Every structure is written in structure tokens, then in C-alpha cells.
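Visitor: If you scroll down you'll find the structure; I have some questions about it.
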Amino acid sequence: MTVITIGIDLGTTFSCVATIDEHGKPIVLKNEDGNSITPSVVAFERAGNVIVGDEAKNIQSLGDANVASFFKREMGNPDFYLTFYGKQYSPTDLSAYILAKLKADAEKVLGKAITKAVITCPAYFNAMQREEVKKAGKLAGLDVLRVINEPTAAAVAFGIKSEKEQTLLVYDLGGGTFDVTLMKITADEIAVLATDGNHQLGGKDWDDTLREYAVDKFQEEFAENPLEDSATANDLLVAAENTKKTLSQKTTTNFVIAYNGNKGRYEITREQFEDATKHLINQTLTLCESVLAAKQMDWKNIDGVLLVGGSTRMPQVESELKKHTDNLLHGINVDEAVAIGAAIQADLDANEKHYTLETKQSSSKSGYTLEGRRTIRDVTGQSLGMIAENADRSKYINTIIIPRNTNIPSCEVRPFQLRTSSRQDNEIEVYVTQGEGLLPSGCVILGKYVISGITHEKGKAVCDIAYHYDKSGTVEVSAKQRSTDKNLTVRKDNPGDMSWTDLCPKDRDPEPELEHVTVLLTVDTSGSMCGDPINEAIKAAHRFVNEIDLTHCSVGLMMVADRVLMLCYPTQNSKEIGRAIDTLNRPSDIPSENIYGAPLNLDAGVGNAAQPFTEARQCFDNIDGIKFMLVLADGVWDNQPYAVQEAKKCHADGIEVAALGFGGADKKFLHDIASCEENAIFTNMNQLGESFSKIAQVITEGKTELQRRN
Ligand code: AMP
């Protein structure tokens, strides 16, 4: 039996509910007052009554102070409360009132009790904020099937109607935020490929710029600043928004400022407005390009741009986007699309079926019905990481574990090394971060996870920590001890005061628990590696990075052919190394300052003239701790004796060299460059991933010899 579900757009200013009717068609449900949108406003009465929606908005317009609105922006902020008649309400409590009203109104229309719902949130909401959306749903008596991103929901509402396979950018410019989402719609799937955005950029910035423009003119004329008076400043912001909207219709209008008995009237043309705000539109275009670049695409790879959000009504948005694409799509009702997309997802989730899509009416002239089955796939909007010390212990850093734009749900396992003691309980404290910042202060701290129950081991113990992103974008952590394969206890604590992350780790604790390991991966990319071998090497290198403890290790990447190219200096940032690994078969993307030696004719393929050891010694020169160089070779190098001579200098410098060969590699040469017999390994192309994984394991367990001595 089909379960009735609803999709809810829980908006900052208004909310909307939709469902799938008995014919499988998405419909918006009207509220008690007969409106398809409900203001996200809550009013409190002395007697304890709580009024939500249109009536609450009316109460607010009469100037009553016991009314809450715009609280969605504060969702997940533990310090934000509003107090009415002596009682405190969090944004979650207030959102629950809205959701309860939407649920009750939907039940009235449908004549049935409803519990199952999908709720939307802005793409930039972090895991904590998404958790709060779920909590609000629960408080309202809803079983929240999942929380999905607003632009994804809008794109689903559009995509479900789309007959064609297409790759689209969803350009969503609202009042305070900008989101851009790269989507691929196929016969089977509506998939988000990548997402980006700036939640400090929206229509309000255009209003601010317009106000400044007029205020400057007023100051020139009257030598007075009307923004010094806060009431006038507010009035001018409202006037700026109205002027902006007028300029969407007309090419010229007037901005009037009356202040301190002076009155200025300034004509402003659409062209002047567009010139003054060009830097803002350019910021949105840069983000579009960055989301395309995340998938190695540019404007010519997309079929069109779907416009979402009130600010896309500005003609400037269209004219700028038209410079990059011929196809601008308006095909959705901005007020309703998000709820409709959520309703489709709710129906998919609750009824465990693929949505059946009629792309052509059977009664249409073409006379056929085409049915498509589509599932919906989304990605993480922000990276997940943890706090670590950098290699020289001068600062705390954010090491990324699950980079943004990874499909959700997802789970990544990373090893964590530690020294244990037989005299005390052994615990690990993991501070999980969300965001792209290189430093912890640039990220949100999702929680302090205390992993306990670790059994004492001689040498280093290794715990495999799993980071799970569920389908709503919320995060969970679990852990196992590698040697015992035992699940460990994980407790989530409030992270508390995080100001220690601005201090120097060495000052807080002079003795490091573990020595830092620096690994330099060196890949032979000469002509014989072209095609499958380099692709296998890329996969194996990614696997290596995923299986190494980046809180205690740094990884760098070099390629060697006719020249040596430093693709990535040793770093604990998995995103940086990952990007570098992906350039192994695209050397033309590498900045010229990273290239050593004679010019390389990239078009004509590459030979074996260079050797990597001289540059490796330079790279390791100022690095303390354990130094490890892993060389992957598949052919015979032009000057092997010279390479061996330079490799020996590496050994003398304390750099452990491991040589991994396959294909046409010379076994004797591998032995000569390796720092010990155990570190020369001959493998085959299909085993590369496995071999890299074993090496990651050995390094993680604190050893430097890759093979056991017989
Ligand atoms: P949203 O958050 O999607 O409802 O978008 C709200 C933003 O759209 C506000 O900044 C409005 O000023 C802006 N907006 C609405 N209508 C227009 C219009 N006709 N021209 C320019 N901006 C508009």
C-alpha cells in the first residue's frame, strides 16, 4: 500500500508543503487560509496560545513584539534563544511550531494523518544544522525520512519533467545566499555532481550597493551621511530594494533620500546599477566556474542554466549568463519547486519505488508514452575533517577526510596511530570539523568524539575510524582497533572552548607522542606508462592516501620522465594530494614553477631521461621525523647508474627508499635504489592498488621495511 508522505520547504520567510497525489503527480497543498505558502512566523499570546503562519504575520505587522521570524538563519547556534512570556525558545523549537502547523494543515486537506516527511534546508547547512532540522521535525510529530538540499529539490522538480538527458547548472540567487549546483539528468537518475555557494552573497548585497551609490551622491550634495541615523539607514535599505526591483522592469528610475531637512533625488539607470554591482555578479560566475572545474568541466559542457531564487529576476543575471550559455531555463515556480522536489524524494523514500515519469502524454501528437525511472543522488556540500598537528608541530590544522562533493550517503575509514599504556585507559579524542578551512578556526567543529576501550599494544596501536555521512548529510563516527578487530566505544561530547587550536602544539606539549612521517610518492610517467598503467597508478595512489593516517603523516607527489615535476609538496591535506594525483595523466595542468630540468615536450610523449633522487633530497632537506620515498617504475631509465648514485645519497641522508616495479622495470635496478632488500618489490599492474595499500599499512603501523626478511 502506498504511504502518503509530504515534502516540506522550511523557508526563512515562508514555507510550503507538497505531496504526490493518487495519480503520481506532485501537488502543492494549500494551508488553512487557502494559500500555497505559509509565512514562517510564530506569534505567542499571553494565555499560552501559539499562532503560526498568515495570522502570526498579521499580528507582527501590527507591531506586536511577541512574534518570531527569520530564526532559520540561527538554526544550530547553541547561543541563540528568543524569550516570550518568560520562556526561552531555540530556532529548533520555533521551527517545530511551523512544521506542526504545516503538518496539521496538510492533514486537513488530505483527510488523513501524515507522519512521514522530507524537509529541505540550504545547501550550506552543516551537519549540526541538519540535525536540528530533523529534531524540529520530530518535535512536530514527523518521521523525517531525510533532509535534502533546497537547490537539489528545485532541480528534482525541474528534472523530473525533463524529457532530455542533460547536464545543468542550477543558479540559485536568493535574498541572502547564492548556491550553484551542477546536475546531470539521465533516464535513470537525477544526480548532483558538485555544489558550491556563498551564504553571504545575495540580493541584499545588491540593495546595499545601490544604497551606497545614492548615499554617496547625497553626501556630495549636502555633506551629510544619512547612514549615521539607524532608522534612516533601514528606510534607505527598503528603498534600495524597491529601486532594484523597479530597475528589473524599467531602464531608469529615481532614488530619493530625505534626511535632516535635505532632500536629494538621484536618477539611476539600469546600466549604472549593473556597473556598480558587476563585482557581485562576477562572484557568482566565479563560483559557477569553480563548481564546473570540480568536475573538469566548463561552460561548454553544460546544456543550460536553471534559474532559481528571487534575485534571478534581475536582467543582469540573464545577460551575464547568456555570455556563457544559450539556454536559460525558467521552467519552475520558484515558490513551490522546492516543496515539490521534497515531495518526490519523500515518495521515493517511503514507497521504495522509483518515481515513474510520464515524459510524453499518450494523447500527444507524437502518440507515445515514454516512461522513465529516476533515482536521486546528492553530494556533500562541505568537507569533513579532523584537527591534527602539522608536521613541524607549529600549528593545529584541519585535515580533510571526506572531501566535499562526495556522494551521500558515504563512509570513509581512516587509520589513527597512537601509543598505548598498560597502566591506564587508552583513549583518542577526535575533533571532527566541517568546512574547507586549512585551520580549525576556519571550520565548524561538529563535535569531540572520545574513542575508548583501546587495548594496550606494544609499539603503535592503530584504530580505524569510520566517518559516516548519512543521506541527510548528518555525521556519525565509529571505530575499531585494527589488531583486535574489536568495535570501540565512541562518545560524542560538546567540544567546549576551542581557543587552544590557535596555540602552538609544541608549546602545549613539548614531547610529541609519535614521530611525524613524510612520504614522497614518486611515479614514473614515461611513455610506457600511458593508458592503463597510469590510470592504475592513479587509483593506487588515491588508495594509498586514503589508507594513511594524515594526522601523523604528510604525503607529497612527484612525477619523473624526461623531467622531474613536483606535483604536490608533502601535505596533510588529502584534497590537495588528491588533486595532484589526478594530474598524473594531465601534466599540462601543472604550474611551470613545479617543473625541474629540461623543457618537456608534453605533446610528443615523454622519455626516461630524468631521475627523482636529487630533487627528493632537496624536498626532504628541512623535514624532521621519518622520511620515506616510494618510487613506482615500469621501465628502464636512461641513466640508471646516475640514478643509483643519487639514490644512495638519499639513503645516507636517512631517507628510506622503497622501489615498486612492474611491467618492464629492471629488478636489479629496483634493488639498487631501494634502501634495503626488503624495500624492492616487483609486482604487476593489476596488483598495484593492493601493493600501495600494504605499504600504507606498514607505514601506519610504524615500520619502514615493506617485506619481511626470509
Ligand atoms: P528568495 O530568497 O528566493 O525569495 O529571493 C529574495 C530576493 O529576491 C530578495 O533580495 C528580493 O529583493 C529579490 N527580488 C525579488 N523580486 C525581484 C525583482 N523583480 N528584481 C530583483 N530582485 C528581486
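The values are calculated or read from the model by the stated rules, or taken from the named source; none is laboratory data. The shown structure was predicted, so the numbers you read here are calculated from the model rather than taken from an experiment. Counting neighbours? That spans all protein chains shown, and the Cβs are built from the backbone with ideal geometry, glycine included.
Visitor: Looking only at the stretch 611-646, count how many residues are among the small types (Gly, Ala, Ser) and assigned to a loop (DSSP other than H, G, I, E, B).
Guide: Let us first name the residues in the stretch 611-646 that are among the small types (Gly, Ala, Ser), namely 616, 625, 633, 635, 643.
If we keep only those that are assigned to a loop (DSSP other than H, G, I, E, B) too, we end up with 625, 635.
Residues that pass the stated criteria total 2.
Visitor: I've got another one for you. Answer with yes or no whether residue 195 is at pLDDT below 90, outside the structural domain of residue 432 (by TED's automatic domain parsing) and buried (at least 22 other Cβ atoms within 10 Å of the Cβ). Can you show your working first?
Guide: Values: at pLDDT below 90: no; outside the structural domain of residue 432 (by TED's automatic domain parsing): yes; buried (at least 22 other Cβ atoms within 10 Å of the Cβ): yes.
Criteria not met by residue 195.
Visitor: Looking at (1) at pLDDT 95 or above; (2) under 30 Å from the mean Cα position of the chain (by Cα), find the lone condition where residue 13 falls short.
Guide: Every condition holds for residue 13 apart from (1).
Visitor: Exactly one of (1) modelled with pLDDT of 95 or more; (2) surrounded by fewer than 17 Cβ atoms within 10 Å (Cβ to Cβ); (3) hydrophobic (A, V, I, L, M, F, W, C) is unmet by residue 210. Its number?
Guide: Of (1) modelled with pLDDT of 95 or more; (2) surrounded by fewer than 17 Cβ atoms within 10 Å (Cβ to Cβ); (3) hydrophobic (A, V, I, L, M, F, W, C), only one is false for residue 210: (2).
Visitor: Quick check: is even one residue across the stretch 318-331 more than 17 Å from residue 168 (Cα to Cα), free of Cβ contacts under 8 Å to residues at least 40 places away in the same chain and not in a helix (DSSP H, G or I)?
Guide: The answer is no; no qualifying residue exists.
Visitor: Using beta carbons and a limit of 6 Å, which pairs, at least six apart or on different chains, have the first residue in the stretch 569-583 and surrounded by fewer than 20 Cβ atoms within 10 Å (Cβ to Cβ) and the second one part of a helix (DSSP H, G or I) and not small (Gly, Ala, Ser)?
Guide: Sorted first by the residue in the stretch 569-583, then by its partner, the pairs are 583/589.
Visitor: Which of the following residues is under 34 Å from the mean Cα position of the chain (by Cα) and either farther than 17 Å from residue 178 by Cβ or within 16 Å of the ligand (Cβ to nearest atom) (or both): 283, 249?
Guide: Working: 249 fails: under 34 Å from the mean Cα position of the chain (by Cα).
One residue alone meets the criteria, 283.
Visitor: So, in the stretch 213-244, exactly how many residues are under 34 Å from the mean Cα position of the chain (by Cα) and either away from the ligand (no atom under 16 Å from the Cβ) or without any contact (Cβ under 8 Å) to a residue 12 or more places away in the chain (or both)? First the steps, then the outcome.
Guide: If we filter the stretch 213-244 for residues that are under 34 Å from the mean Cα position of the chain (by Cα), which is where we start, we get 237-238, 240-241, 244.
So of that shortlist, the ones also either away from the ligand (no atom under 16 Å from the Cβ) or without any contact (Cβ under 8 Å) to a residue 12 or more places away in the chain (or both) come out as 238.
The qualifying residues number 1.
Visitor: Same structure, new question: Here are some conditions: (1) touching a residue at least 40 places away in the same chain (Cβ under 8 Å); (2) part of a strand (DSSP E or B); (3) of a type outside the set (Ser, Thr, Tyr). Residue 272 meets all but one. Which one does it not meet?
Guide: Condition (2) is where residue 272 drops out.
Visitor: Need at least 2 residues that are hydrophobic (A, V, I, L, M, F, W, C) per element, so show me which strands (runs of 3 or more DSSP E) inside the stretch 12-94 make the cut, counting only ones lying wholly within it. Write out each step before concluding.
Guide: Working: elements: 14-20, 26-29, 42-44, 50-52, 82-84, 87-89.
The qualifying strands (runs of 3 or more DSSP E) are 14-20, 26-29, 42-44, 50-52, 82-84.
Rundown of residues vs (1) of a type in the set (S, T, N, Q); (2) touching a Pro at 6+ places or on another chain (Cβ under 7 Å), yes/no style:
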| position | (1), (2) |
| --- | --- |
| 487 | yes, no |
| 490 | no, no |
| 500 | no, no |
| 503 | no, no |
| 509 | no, no |
| 522 | yes, yes |
| 532 | no, no |
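Visitor: Exactly one of these conditions fails for residue 292: (1) outside any helix (DSSP H, G or I); (2) more than 16 Å from the ligand (Cβ to nearest atom); (3) not acidic (Asp, Glu). Give me its number.
Guide: Here residue 292 clears every test but (1).
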